[in-house]
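**Q** Handing you this structure, nothing more for now.
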Amino acid sequence: MTNNKKFKICLTLAGAVSAGAYTAGVMDYLLETLELWEQAKKKNRTLGKKHPKYDFSVPMHDVELDVISGASAGGITASLALLNLIDSEYQPVNRNNTTGKNNRFYQSWVEMGDDEQATTFEKLLNTNDLKKLAKGQKPQALLNTDPIDLIANQAINIETIKNYPAYVSHNMDLVLTTTNLDGINFKINFDGNDSSGSVITSHAAFFRYKLANKQFKKGIPHAEELYYVLDLNQPKHLNYLREATLSTAAFPLALKPREVAISQKYIARYPKYIFGTTTGIQPVLPSDSDYQYHAIDGGLINNEPFALALKVFREKSPIQFVKEQYAIIMIDPFPNKDHNSSKEVASTDVISVVKRMFKSLRNEVMFNRSGILDAINTKNNSKFLIEPVRKHQVDGVLTRAENDLATAPLSGFAGFIDKSFRKHDFELGRHNCQTFLRYHFNLPEETLQEKLNAQPTVQASHRFEIFVENDSSNTSKRFPIIPDLRVLRASTHEVDQAQYGSDAQLQFPEYPSITEAYFCKKYQKLLRKRIELLANCLLPHFWFSVANKLFLKNKLSKKLEKILLEKLRIAQLIK
């Protein structure tokens, strides 16, 4: 249990496939801004208030990142954030580092697997993985997962580790969701004529990590807490983080499932964590020392794990939770906008019912009641959302664009096709985070002492406060939770270009595009070859392989190419 004067921040990074580039851009700007602010506060603390160079316009309250939860692409970015926070070589992407040197966010999400030999999508379509299959062996995924492993090996690695900065809690939690294909069985004891009870199965799983320090020793804690303490100086522990990160991002069918092994001692604590103090429930586990299962994408069951973040935070900081001295920020490239308000009568034919049934199952799995209630019970100044917003010039007026993300088409897979798509979304993420911190992530003036345990100086208020019209058309003053020191005066949009150049006021990035000729030249042959080999592996019959080579592969690949190009054209990504 913790209770200090620091305002706590929980982050939830939703699943997004290749649109994780957007989330990575948001996180990159957030960490850079926190560091700029911390350095300014550190300078003030060193000088003291009586020094002539003390800057009274720098807010001196403290915030602390306390929980980072993530699913799928968000889970990857959450792990990268953890490593960037303790990497002494980490550099944000800005005007001084346009190529993303020493930046896992950029290297993993923008550069991805591109090199001089091939693009990431070319590598995903490579058929070497299928050629290695033994006779009769079925493929594990539609795409070649090898380049994903290479990206993980490069990113989930660290040479020079530093302590957490002051804006990170010493017991910060990293929580990654995953889907357990095998499921954990829980026996429920019932009184009756058969003492064997009844079994329920849970497929929703998660990894929860802390980093080792003086308070937390590596490994599984002795008490009943459900987390694992990593010592990232040890290759074995780095591999634990790597495998957990890959498992949360193992997109169903497209990428192969991951084999995960964790201690039975850890699994034995699940009932208390899931069911609380309820008795008569126990996990049914094999006799092996480790519990092994196959894991796929965490977003399948819990794509927006804000409930997990709140649960962990409430467990750690019940006083701050009750006083609402915290905020939870969800970064979601694809927030659900399906209001389902149409009055049209839905079809009830067999095919339509099957489609609606799977949608119903998916929605019900995602409908986490406890998490929703926690979110509803928090006040308006405790929950925030960062989602993509892109504007462009139309007749000289900045207007909301029809398409925000370049990686969004093809259910988020478009970003694998070209680096320019991912670069655009990364830059848009940085831009959107800048706007969010300056004009949305704030508190009413009258709540500052209660929430932040501090009152800003007159100079800080003059520099950072903004005026917001509320529902009753009254204007209220608001003050940022994380001040952006690139700002000279927020209310008049004045920024410090002298010191920060183009970073002081980021512009909307230019929307990218490729040509149809480029797409066909790069990917047409690879698509057809992969489709042919996949089909032959799935249906290993001589005459089928003959028919497949003669006409089936061409027919299927042409249809797929048409769909891909049409989706890109609708999104204005094809010239």
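**Q** Leaving ligands and nucleic acids out of the surface, order Phe542, Phe508, Phe7 by accessible area at 1.4 Å, largest first.
**A** Phe542, Phe508, Phe7
**Q** With a 1.4 Å probe and every protein chain left in place, tell me how much accessible area Asp173 has, in Å² to the nearest 10.
**A** 0 Å²
**Q** Now for a separate question. Checking understanding here: applying a Kyte-Doolittle mean of at least 1.0 and a length along the axis of at least 18 Å (C-alpha), which whole DSSP H helices in the chain pass? List each step's numbers first, then the result.
**A** On the way: long enough: 20-47 (41 Å, -0.47); 73-86 (21 Å, 1.70); 235-248 (20 Å, -0.75); 350-366 (24 Å, 0.37); 419-439 (30 Å, -1.26); 516-538 (31 Å, -0.27); 553-570 (25 Å, -0.62).
The answer, listed by residue number, is 73-86.
**Q** Considering the options Asn381, Tyr270, Leu448, tell which one lies farthest towards the positive end of the dipole of the chain, charges being +1 on Lys and Arg and -1 on Asp and Glu at the Cβ, about the Cα centre.
**A** About the Cα centre, the residue reaching furthest to the positive side is Tyr270.
**Q** Between segment 150-172 and segment 80-142, what's the alpha-carbon centroid distance in Å?
**A** 18 Å
**Q** Relative contact order for segment 1-149: what is it in percent, counting Cα pairs under 8 Å that are at least 6 residues apart?
**A** 27 percent
**Q** Given q = 0.16, 0.20 Å⁻¹, what are the Debye log10 I(q)/I(0) values for segment 1-77, with equal point scatterers placed on the Cα positions and solvent ignored?
**A** Calculated log10 I(q)/I(0) at the listed q: -0.73, -0.91.
**Q** Take the Cα atoms of segment 525-570, build their convex hull, and give its volume per residue in Å³.
**A** 59 Å³
**Q** Where nothing but the Cβ of Lys and Arg (+1) and of Asp and Glu (-1) is charged, how large is the charge dipole of segment 490-531 around its Cα centre, in debye to the nearest 20?
**A** 980 debye
**Q** Would you please give the FRET efficiency between Thr475 and Thr127, computed as 1/(1 + (r/R0)^6) with r the Cβ-Cβ distance and R0 = 45 Å, to the nearest 0.05?
**A** Computed FRET efficiency for Thr475 and Thr127 comes out at 0.10.
**Q** How far, in nm, would the chain grow between Asp149 and Phe56 when pulled straight, counting 0.36 nm per residue and subtracting the alpha carbon separation?
**A** Roughly 28.6 nm would be gained on extension.
**Q** Let me ask another. What spacing in nm lies between the two simple spin-label points modelled at Glu159 and Ser411, each 7 Å away from Cα in the Cβ direction?
**A** Result: 4.0 nm between the two label points.
**Q** So which GluC sites (Glu not before Pro) in segment 446-522 end up in coil per DSSP with only 14 or fewer other C-beta atoms within 10 Å?
**A** When the GluC sites (Glu not before Pro) of segment 446-522 are filtered for loop state and at most 14 Cβ neighbours within 10 Å, Glu510 remain.
**Q** Just subtract the alpha-carbon distance of Lys5 and Gln393 from 0.36 nm times their residue separation and send over the number in nm, one decimal.
**A** In short, 135.2 nm is gained.
**Q** For the chain, what number results from the quotient of the Cα radius of gyration and 2.2 N^0.38 Å?
**A** Relative to the 2.2 N^0.38 Å estimate, the chain comes out at 1.03.
**Q** Under 25 Å between alpha carbons, and skipping anything fewer than 8 positions from Lys132 in its own chain: which lysines qualify?
**A** Within reach: Lys123, Lys256, Lys522, Lys525, Lys529, Lys549, Lys553.
**Q** How much accessible area per residue does segment 533-575 have, counting only protein heavy atoms and a probe of 1.4 Å, in square angstrom?
**A** Here the per-residue accessible area is 70 Å².
**Q** For a bin width of 10 Å, list the pair-distance distribution of segment 436-575 built from all Cα-Cα distances, rounded to whole %.
**A** In order of increasing distance, the bins hold 10, 23, 14, 11, 13, 15, 11, 3, 0 percent.
**Q** What is the distance, in nm, between label points placed 7 Å from the Cα along the Cα-to-Cβ direction at Glu116 and at Asn185?
**A** Rounded to a tenth, the inter-label distance reads 5.6 nm.
**Q** Right, something else. So if R0 is 45 Å, what FRET efficiency would Lys135 and Asn233 give, r being the distance between their Cβ atoms, rounded to the nearest 0.05? Mind showing how you got there, number by number?
**A** Working: r = 44 Å, r/R0 = 0.98.
Calculated value: 0.55.
**Q** Between segment 180-255 and segment 474-528, what is the C-alpha centre distance in whole Å?
**A** Cα centres, segment 180-255 to segment 474-528: 37 Å.
**Q** Shifting gears a bit: Can you tell me the length gained on complete extension of the stretch Glu89 to Lys521, counting 0.36 nm per residue apart and subtracting the Cα distance?
**A** Residue separation times 0.36 nm, minus the Cα-Cα distance, leaves 151.7 nm.
**Q** Simple spin-label model, 7 Å along Cα-to-Cβ: Glu324 to Asn102 in nm?
**A** Distance between the two pseudo-spin positions: 4.2 nm.
**Q** Using the Cα centre as the reference, give the magnitude of the dipole from point charges on the C-beta atoms of segment 1-113 (Lys, Arg: +1; Asp, Glu: -1; all else neutral), rounded to the nearest 20 debye.
**A** Once rounded to the nearest 20, the dipole reads 640 debye.
**Q** Sticking with this one: Just to verify a number: FRET efficiency for Arg569 and Lys529, C-beta to C-beta distance, R0 = 35 Å, to 0.05?
**A** The formula returns an efficiency of 0.90 here.
**Q** Send over a whole-number figure in Å² for the accessible area per residue of segment 255-324, probe 1.4 Å. All intermediate terms of the calculation are to be shown ahead of the outcome.
**A** Numbers: 3330 Å² over 70 residues.
Using a 1.4 Å probe on heavy atoms only, each residue of segment 255-324 averages 48 Å².
**Q** Calculate log10 I(q)/I(0) of segment 384-444 for q = 0.16, 0.18, 0.25 Å⁻¹, where I(q) comes from the Debye formula with a single equal point scatterer on each Cα and nothing for solvent.
**A** -0.61, -0.74, -1.07
**Q** To the nearest 20 debye, what charge dipole does the chain have about its Cα centre, counting +1 at the Cβ of each Lys and Arg and -1 at the Cβ of each Asp and Glu? If you can, show how the numbers build up before the last one.
**A** Details: 74 positive and 62 negative charges, 152 e Å.
Rounded to the nearest 20 debye, it is 740 debye.
**Q** Right, next: Take Asn336, project a point 7 Å from its Cα along the Cβ direction, then tell me which residues of segment 9-30 have their backbone nitrogen under 16 Å from it.
**A** Residues 14-16 qualify, since their backbone N sits under 16 Å from the label point.
**Q** Still on this model: From the phi angles alone, apply the Karplus equation (6.51, -1.76, 1.60; θ = phi - 60°) to segment 488-503 and give each ³J(HN,Hα) in whole Hz, x where the residue is Gly or Pro.
**A** Each residue's phi maps through the Karplus curve to give 9, 7, 5, 5, 10, 6, 7, 10, 8, 6, 4, 8, 10, x, 5, 6 Hz.
**Q** Per DSSP helix of 4 or more residues, -39500 (n - 2.57); summed, then divided by the residues of the chain. What does that give at 222 nm, rounded to the nearest 500?
**A** Rounded to the nearest 500, the figure is -11500 deg cm²/dmol.
**Q** For segment 51-98, take every pair of Cα atoms, bin their distances at 5 Å starting from 0, and report each bin as a whole percent.
**A** 5, 14, 14, 15, 18, 17, 9, 4, 3, 1
**Q** When each pair of different Cα atoms in segment 453-509 is counted once in the 1/r mean, what is the Kirkwood radius in angstroms, to one decimal?
**A** With all distinct Cα pairs of segment 453-509 included, I get 12.7 Å.
**Q** Can you tell me the relative contact order of the chain? Whole percent, Cα pairs under 8 Å, sequence separation 6 or more.
**A** Details: 1040 pairs, mean separation 120.8, N = 575.
It rounds to 21 percent for the chain.
The values are calculated or read from the model by the stated rules, or taken from the named source; none is laboratory data. Computed from a prediction, not measured in an experiment: that's the story for all the values here. For neighbour counting, all protein chains shown are included, and Cβ atoms are generated from backbone atoms with ideal geometry for every residue, glycine included. All accessible areas refer to the heavy atoms of the entire protein, side chains included, with ligands and DNA or RNA removed. Shrake-Rupley method; radii C 1.70, N 1.55, O 1.52, S 1.80 Å.
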